[in-house]
Structures are given as C-alpha cells and as structure tokens.
Amino acid sequence: MKEKLKKIASLFIIIGIMVTTTSCQSKVDIQDLAIVMAMAVDYNDQGKYRVVYQIFTASTFPGGSGVSLESSSGGVVVPTFQGIGGTLAEAMHDMEERIGKKIHFGQIKVVIIGQKAGERGISPIIDALSRLPEIKTNVPIYVTKGEAKKIITQKTHEDTITANVIDNMVLRQIYAGMHPVVYLAHIADELSSKHNVVPVLGVINTSEKINVSDSSIFKLDGMAVFREDKLIGYLDQKITLGYQYIKGDAKVFTTPVRLRDGHKATLRLHGCKSKIKTVITNGKPEVYINLDVKSILMDITGERDFLKNPELLQELESLHEKMVKDTVNETIRAAKEDVKIDFLGVGDVIYRQHPKEYEKIKDKWQELFLDVPIKVTVNVIVKDTGLLYKPIY
Amino acid sequence: MEEKISSYELFSVIFLVPYGSAVFFFNAAEAEQSSWLVILIYIIPGLLLQYIYISLYRNYPEETIINWMVDIFGRLLGGILAILYAVYFAYIAARVFRDFITIIKIVAGFSNSVIILNIVLLGTVVYGVSKGVENMCRLASSFFLILNMVAIILLLLFFSTPNIVHWHNLLPIFPKGIVKPVLKSWRLVTFPYGETIIATMLYSKVNNQNKIKRAAFAAIIVEGVMLAFISICYIIGLGANFASKANFPLMGTLRLIRIAGFLDRMDLFIIVILTVNAFIKIGMFMYCAVASTSQILGIKINGALVFTMGVIISVAAYYIAENFIQHLYIGLDFTPKYIHFPMQIFIPVLALIVSHFKKGSRKKKLA
C-alpha cells in the first residue's frame with residue numbers, strides 16, 4: 001500500500017513539474033512577432049538615424065491568416081515601419097509601440113545602409129547590430145547610393161517580400177563572385193582590426209529600366225570603399241571585378257573575348273585562384289599577384305576546329321589572360337590614383353606574411369601604398385569547349 | 001556497495017568537465033590568431049598538474065584530496081584546507097551555474113523568471129548527484145560520444161558553407177614572438193586545464209588502478225586538441241578581432257552556417273550542447289562539493305545533503321556577481337589569481353613536497 005502511494009505521489013509530482021515548467025509564461029506566438037526581413041538605415045538632415053523595417057506577417061501571403069492588405073493597384077503589400085532616433089538602437093525600437101508586436105531580428109535577410117549613414121560612419125551601426133542577441137552573424141550588409149529606404153519600399157514583380165529577392169541575389173553572388181558579399185561578422189572583424197584594413201561593402205541600387213521585357217528591380221552595382229569606417233567612394237562594376245580576381249573570390253561568370261581576326265568568343269570563368277606574394281627589401285615592399293584562372297568556351301564565331309589544331313585554344317587563353325590582367329591592373333590603378341587607399345588589402349597581406357617588417361611601415365602604409373610596385377601574372381587554362389569541338393556552321 | 005567507475009568513464013569526466021564551458025569562450029584571447037597554438041602548448045602544464053595529482057594519490061591510495069590534506073598537514077591545518085576545498089568545489093559549481101544560466105538566457109531568448117530555469121536545471125543535477133557518482137560518470141561517458149557526434153556534424157556543416165571560411169585569418173603566427181603571448185595566457189593553466197582537480201575526488205573509485213594515468217593524460221591531450229581546433233574555427237569564421245570581443249563566439253560561429261540558402265540557425269544544437277555540458281559540469285563539481293562535505297562531517301551522502309548543496313549553489317550563483325560582465329571580470333581576473341592558483345597548483349605542490357619529506361622521515365624511523 002505504501003509503495004503504491006509513493007508511486008502515485010511521484011507521478012503527480014512529475015506531472016506537476018511538467019505542467020509548471022513548460023515556460024508558457026513567456027510563450028510567443030508567430031502572429032505576435034514582427035519578423036524583420038530587411039532593414040534600412042539612413043541618416044537624415046536633422047542628425048538622427050532613421051530605420052525602416054520590412055516586416056513579415058502571416059497576412060503577407062494570400063491564404064495566410066488575417067486580413068491581407070491590398071494596395072490600390074492590386075497585389076499584396078508588405079508592411080514597412082519607420083523609426084527615428086538619436087542612436088541606432090533608439091531608432092530600431094522607436095516603432096515598437098506602433099507595431100504592437102515584439103520585433104524579432106532572427107530572420108533578417110539583409111541590412112542596407114544609406115549613403116549618408118555610410119559617410120557618417122558605420123561603426124555604430126555594426127556595433128548595435130552585433131549586440132543583438134538573436135541576430136545571425138551571416139547577415140549581408142549592403143550600401144546604396146542615396147536613401148536605403150527606397151530599396152526596401154520598392155515593389156518587385158517576383159516576390160511580395162523585397163528581402164527575398166535581395167536574398168536570392170546574394171546567394172547567387174556567393175556562387176558567382178562578381179561582387180563582394182560581406183557578412184556582419186566579417187565587417188565587424190575588419191572594423192576592429194588595427195592593421196590598416198580598409199573595409200569594403202557591396203553596393204545595391206535600383207536598376208534603371210532598360211526596357212519592358214526586363215523586370216529586374218535591383219542590381220548589384222560595384223562596391224563601396226571606407227576609410228576607417230566612413231564611406232569615401234564607390235567603385236564601378238569593372239573595378240570590382242578586378243578586386244574579386246585579386247581576392248580569389250571570382251568564381252563563375254561569363255566574359256566576352258575579341259579574337260585577333262575580328263571574330264568573337266565568350267568564355268565562362270570556372271574558378272580563380274589568387275596567390276599574393278610580398279617581398280620586402282630595405283623597407284620597400286614589392287607585391288606579386290599570381291592568378292590561376294580556369295574557364296570554358298561558351299561560343300565562338302569563325303572557322304575554328306579545336307580538335308585539329310589545339311593551339312587555337314592557346315590563342316584564346318592568351319587573350320583571356322590579357323583581359324584579366326588589364327582588369328586587375330585597372331583596379332590597382334584605381335586604388336592608387338582614384339581613391340588613394342589600399343582597399344585591395346595588400347597591407348593586410350604584408351602584415352600576415354612579414355609581421356615584423358610591417359610594424360615599421362604600419363603608420364605610413366597608406367602613403368607608401370601609392371608607390372608600391374604590384375606585378376600581376378595571369379595564367380588561364382581553357383578547360384573545354386563545351387559539347388562541340390568545332391562550330392556547327 | 002562501493003561505487004566503481006571504469007577508466008574510460010574517468011577519461012570522459014576529465015575531458016568533459018573543463019571542456020563544458022571552455023568551448024563557449026575564445027580561450028587565450030590575448031594571443032589573438034595564435035591562440036590555438038597557445039592552447040596546444042598549455043597541454044604540457046595540464047599534464048604536469050595531472051601528474052602532481054596522481055603522484056599525491058599514489059602516496060595515499062584509496063583516499064580523496066580531503067583525506068590527503070588531513071594526512072599531510074595534520075588535523076587542524078589539514079582540516080581547514082579540506083573545508084576550503086569543499087567550499088572551492090561549491091564555488092566553482094556556482095560560477096559554472098551562473099555561466100550557463102546566462103548563456104541559456106541569451107541563446108534561447110529565455111525571458112521567464114530565472115527561478116524556473118533554476119529549478120529545471122539544478123533539479124536535474126540534484127537528482128543526478130543523489131543517484132551517485134557511478135551513474136553520473138556513466139552518463140558522462142555516453143554524453144562524450146553524443147557530443148562528439150554533434151560536433152562532427154556541426155564541423156561538416158561549417159566547412160561546407162561557402163564564403164565564411166577565411167584561412168588567412170590564422171596568419172601571422174606569433175607576430176611578436178612566442179614568449180610574451182604564452183606567458184600572458186597563463187590563466188589557461190587554471191581554466192580549462194586546472195579544473196581537472198575534480199579527478200582527485202575520483203581516482204580512488206577507478207576499478208583498474210593501473211590505467212588512471214593513461215586515462216587522465218589522454219583526456220588532457222584530447223581536451224587540448226579539441227579546444228585548439230574550436231579556436232581555429234572561431235578565428236577562420238569570425239576573425240580573431242571579433243571573436244575576442246564577442247561574449248559567445250561559439251554562437252556567432254555556428255550562426256554563420258547557411259547551406260543551400262535554408263539550412264541555418266544551428267541554435268538548437270547549441271542548446272543541446274549547452275544543457276548536456278551544464279549537467280555534467282555542474283553535476284561533477286556539485287558531487288565533489290557534496291562528497292568532500294560528507295567526508296569532512298563523517299556522514300554518508302544522502303538526499304538531504306545533496307539538496308542543501310543545490311540550494312546553496314543556486315543562491316550563491318545569484319550573489320557572486322551583480323551582472324554578467326562583472327561575473328566575467330571576476331572569472332578572468334580575481335578567480336584565477338587568488339582562488340584557482342592556490343587551490344589547483346600551490347596547495348597540491350606544497351602537499352606533494354611535504355608528503356615527500358614525511359615519507360622520507362618515516363622511512364628513516366623504520367630503518
């Protein structure tokens with residue numbers, strides 16, 4: 001009898017513990033969360049930060065619970081909210097009462113920083129973001145020319161949620177490597193480095209409508225260069241490509257090649273390996289950049305039978321080599337003459353390879369960089385010519 | 001019935017107890033990108049510490065650190081030291097408990113009153129400890145496998161995510177010479193390696209006495225290699241600058257994982273690792289505190305003693321620091337210098353020396 005009583009008592013205790021410790025006290029339903037999909041940070045004329053969120057709600061999708069918000073022109077509109085504050089964190093929580101829900105940063109897909117906020121300095125922004133307990137460290141950070149708010153409130157044709165469109169573009173860039181994709185953790189690491197690291201961020205802009213048949217809304221548009229944490233300039237697509245080659249991040253994209261006899265060919269890059277060697281003689285650094293590029297032939301005009309004379313491929317290779325080399329040299333020239341700052345990270349490479357010598361030139365590195373000889377050698381291998389070995393015509 | 005553990009169980013406990021919380025922090029942050037090498041170098045002092053503890057144990061087999069102190073320093077001084085050790089184990093349990101509560105609160109976004117978390121976490125630990133050390137050690141040995149499996153899965157996911165691994169972050173190795181960063185990170189001796197002092201309470205329970213040394217040394221080496229590898233992951237994932245500023249680099253590193261655009265947010269794994277580590281670590285320290293108290297008082301370990309210790313630890317966890325930063329500051333500055341160092345290194349070394357001379361004089365008397 002006593003045994004039985006003991007068993008029953010323990011059963012009740014177990015049930016009691018199970019029921020009382022399930023933490024229903026702090027339960028949050030998904031409808032009660034304002035899930036931030038994208039975030040835009042601007043700095044307005046009154047000297048305050050303005051934050052705009054794109055919020056995912058259950059009613060964003062047709063078929064979801066709740067009343068869907070129909071815009072006047074038809075189609076579902078994703079709610080956006082705006083907050084203003086003297087500091088970023090203040091602005092980030094300014095709209096909380098107006099949303100009436102708990103703001104959840106866990107699913108944030110992209111953070112876009114406006115031009116003015118970038119010029120003001122991105123350190124406070126990155127600091128405030130890194131402090132959020134629920135934020136992911138792999139949130140891509142982008143800069144835009146003009147106001148960041150414009151990007152977020154832009155309506156797209158593919159998806160009601162703008163953030164998803166940008167997220168797809170980012171995922172594609174990781175695979176293609178035409179533009180730098182910089183995550184929150186990486187920019188935070190670069191900003192806290194003490195070794196002349198020049199942070200760069202990708203740039204996203206609204207694309208000017210080329211014609212009606214192209215429904216793209218955004219385009220990745222080169223990159224932005226920072227001095228310490230302040231935006232100093234933008235670089236166009238071609239120079240960005242050279243930067244990606246130097247970093248070894250260029251992966252898969254097509255480039256046209258003009259042959260010597262006037263015919264044209266298109267090559268598709270299939271990976272690029274970059275080796276940077278630095279030599280310091282008498283306190284004067286020299287830099288050697290060695291690129292190994294693999295590519296495949298996409299199309300070619302003119303009578304060319306690659307099976308009969310494989311030397312034709314070598315012609316293609318040397319032309320592609322020259323093209324890559326020109327692109328990289330153009331980027332180096334832009335770094336030395338246009339922006340006059342070492343955004344290529346050459347100083348960082350010297351620090352990693354020759355830490356002791358670097359200590360001596362550390363303070364005047366940015367001036368020294370302008371005269372550092374940088375030699376580029378490129379080696380291209382055209383791996384194959386697709387499914388054909390000679391043109392079909 | 002006397003409790004017995006196998007040498008493999010001893011190995012898992014010695015591995016898991018320091019590893020339990022060391023895995024969450026960027027150890028040897030002073031050495032920046034060379035921290036993993038420093039961790040590897042500090043395996044040697046870690047082995048040395050185990051060697052000291054085991055040599056002490058060989059002089060007084062079948063006994064624990066509490067009895068050694070009384071045997072070596074006499075009833076008065078040894079008794080005080082024994083009480084100090086009991087308090088020390090309880091204090092470390094409280095520190096670890098505070099660590100884990102804060103991490104769980106932050107990682108899981110736990111906004112409930114902490115009392116519930118307290119009951120759930122410490123209630124389990126109290127129950128585990130009251131079931132005896134044999135069961136705790138057996139649990140540790142199976143958790144060892146589970147944790148390693150989880151770690152391997154996470155590492156595979158981490159290394160197969162594109163665009164996050166930056167191997168060049170590991171360079172330069174020791175830019176300002178090897179001596180300075182190694183000396184600066186002396187705290188590594190006390191934490192994580194010094195926490196293996198809990199093994200002094202377990203040696204006498206190992207069934208195969210000849211395998212103690214091998215198991216303990218293997219645990220220290222595996223410990224060092226694992227921690228060094230995790231440190232490498234922090235550096236190549238987050239970068240040494242960011243990792244040394246982040247409170248929880250493990251969380252930051254795992255949140256970098258994103259495969260095929262959807263497989264991300266490995267927070268669940270962190271919580272699994274966290275609760276398992278917390279259970280083993282707090283449980284073992286609490287067992288040591290309970291066992292030493294019972295030996296000092298000359299009573300058997302019973303439920304009331306374990307429960308009282310649980311209450312003491314949970315209350316102490318609140319009052320050891322006002323906020324988490326103060327808690328970390330004490331843990332990095334005060335505790336290693338004035339608590340860990342004397343308890344883990346100074347007193348055992350002194351005891352070894354004294355016992356050596358005592359043994360010599362005893363031999364002379366016999367002759």
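Checked against the criterion of being at positive phi and assigned to a loop (DSSP other than H, G, I, E, B), the candidates B:GLU3, B:GLU32, B:GLU62 yield just one match: B:GLU62. On the basis of being closer than 30 Å to B:ASN169 by Cα and free of Cβ contacts under 8 Å to residues at least 12 places away in the same chain, does B:ILE44 make the cut? So B:ILE44 passes the test. I'd like the residue in segment A:149-170 that is more than 24 Å from A:PRO133 (Cα to Cα) and within 12 Å of another protein chain (Cβ to nearest Cβ) and, out of all such residues, is surrounded by the fewest Cβ atoms within 10 Å (Cβ to Cβ). Ranking the candidates gives A:ASN168 first.
If you filter segment B:135-150 down to residues that are crowded, with 18+ Cβ neighbours inside 10 Å and aliphatic (A, V, I, L, M), you find that the one that is nearest to B:GLY310 (Cα to Cα) is B:MET136. In segment B:254-309, which residues are β-branched (Val, Ile, Thr) and within 14 Å of chain A (Cβ to nearest Cβ)? B:ILE257, B:ILE259, B:ILE270, B:ILE271, B:THR275 - these are the residues of segment B:254-309 that are β-branched (Val, Ile, Thr) and within 14 Å of chain A (Cβ to nearest Cβ). Does at least one position in segment B:313-326 carry a residue that is touching a Phe, Trp or Tyr at 6+ places or on another chain (Cβ under 6 Å) and at pLDDT below 90? Yes: one or more hits. Among the residues here, B:GLY132 qualifies as surrounded by fewer than 22 Cβ atoms within 10 Å (Cβ to Cβ), within 20 Å of the chain's Cα centre (by Cα) and under 30 Å from A:ILE13 (Cβ atoms). Kindly indicate whether B:VAL87 is facing another protein chain (nearest Cβ under 9 Å) and either in contact with an Asp or Glu (Cβ under 7 Å, 6 or more places away or on another chain) or surrounded by fewer than 23 Cβ atoms within 10 Å (Cβ to Cβ) (or both). Against the criterion (facing another protein chain (nearest Cβ under 9 Å) and either in contact with an Asp or Glu (Cβ under 7 Å, 6 or more places away or on another chain) or surrounded by fewer than 23 Cβ atoms within 10 Å (Cβ to Cβ) (or both)), B:VAL87 does not qualify. Please go through segment A:240-268 and give me each residue that is among the β-branched types (Val, Ile, Thr) and either over 21 Å from A:ASN205 (Cα atoms) or over 16 Å from the mean Cα position of the chain (by Cα) (or both), ordered by number. Passing the criteria: A:ILE246, A:VAL252, A:THR254, A:THR255, A:VAL257, A:THR266. For segment B:131-181: of the residues being among the hydroxyl-bearing types (Ser, Thr, Tyr) and within 14 Å of chain A (Cβ to nearest Cβ), which is nearest to A:VAL181 (Cα to Cα)? Taking the candidates together, the pick is B:THR161. Does at least one position in segment A:379-393 carry a residue that is within 29 Å of the chain's Cα centre (by Cα), surrounded by 16 or more Cβ atoms within 10 Å (Cβ to Cβ), within 20 Å of B:PRO172 (Cα to Cα) and touching a residue at least 12 places away in the same chain (Cβ under 8 Å)? No, the conditions are met nowhere in segment A:379-393. Against the test of being not small (Gly, Ala, Ser) and not in a helix (DSSP H, G or I), the options B:ASN118, B:ASN163 yield a single qualifying residue, B:ASN163. Yes or no: B:ALA246 more than 14 Å from chain A (Cβ to nearest Cβ) and within 30 Å of A:VAL197 (Cα to Cα)? Here the answer is no, as B:ALA246 does not meet what is asked. Of the helices (runs of 4 or more DSSP H) lying entirely inside segment A:298-365, those carrying at least 2 residues that are among the acidic types (Asp, Glu) are A:311-333, A:355-361. For segment A:171-192, a residue qualifies if it is facing chain B (nearest Cβ under 8 Å), touching a residue at least 24 places away in the same chain (Cβ under 8 Å) and out of contact with any Lys or Arg (no Cβ under 7 Å at 6 or more places or on another chain), and the qualifying residues are A:VAL181, A:TYR183, A:ALA185, A:ALA188. With respect to the conditions (1) outside any loop (DSSP other than H, G, I, E, B); (2) farther than 30 Å from B:ILE178 by Cβ; (3) modelled with pLDDT under 90, A:LEU388 lacks only one, and its number is (1). Segment B:169-283 holds helices (runs of 4 or more DSSP H) entirely within its bounds, and those carrying 1 or more residues that are touching a residue at least 24 places away in the same chain (Cβ under 8 Å) and under 24 Å from B:LEU147 (Cβ atoms) map to B:187-190, B:212-238, B:240-243, B:249-254.
Residues of segment B:151-170 that are among the small types (Gly, Ala, Ser) and surrounded by fewer than 16 Cβ atoms within 10 Å (Cβ to Cβ): B:SER160 alone.
The values are calculated or read from the model by the stated rules, or taken from the named source; none is laboratory data. In this text the structure is predicted, and so the values were computed from the model without any measurement. Glycine gets a Cβ as well: all are built from the backbone with ideal geometry, and neighbour counts include every protein chain shown.
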